[in-house]
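Q: One structure, as structure tokens, below. Some questions next.
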Amino acid sequence: MGFNGWRQTVPSEKSKDFSEGQEVFFTHKKVMRSGEVAVLLVNSAIINLKDLPNEKAQNEKTVISYGKLTTN
């Protein structure tokens, strides 16, 4: 909240390429990872990670910029 009240959040143009529940891919430490979009934010998305090497880490999430996400 700013000094003049709440600002309306305007999603970026890049966010229009993605939707909640969509499978996406991104690179982390030179390894291609996959996940599912959980929440669309203004400049990034919260991603539920799918391909985790450790079975104990099942419900892991991360925030990734739209510019670093791909859909192929």
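Any read-out appearing in this document is the output of simple, stated calculations on the displayed coordinates, not a laboratory observation. Just so it is clear, the model here is predicted, and its values are computed rather than measured. Here Cβ is always computed from backbone atoms with ideal geometry, including for glycine, and neighbour counts include all displayed protein chains.
Q: For residue 48 and residue 36 in one chain, what is 0.36 nm times their gap in residues minus the Cα-Cα distance, to one decimal in nm?
A: Full extension from residue 48 to residue 36 adds 3.8 nm.
Q: A follow-up question, please. Report the label-to-label distance for residue 70 and residue 14 in nanometres (one decimal), using points 7 Å from each Cα along the Cα→Cβ vector.
A: So the label points at residue 70 and residue 14 sit 1.5 nm apart.
Q: What's the magnitude of the charge dipole for the stretch 31-72 around its Cα centre, counting Lys and Arg as +1 and Asp and Glu as -1 at the beta-carbon? Answer in Debye, nearest 20.
A: About 80 debye.
Q: For residue 50, go through the lysines and keep the ones whose alpha-carbon is under 20 Å away, minus same-chain ones fewer than eight residues off.
A: Hits, sequence-local ones excluded: 29, 30, 61, 68.
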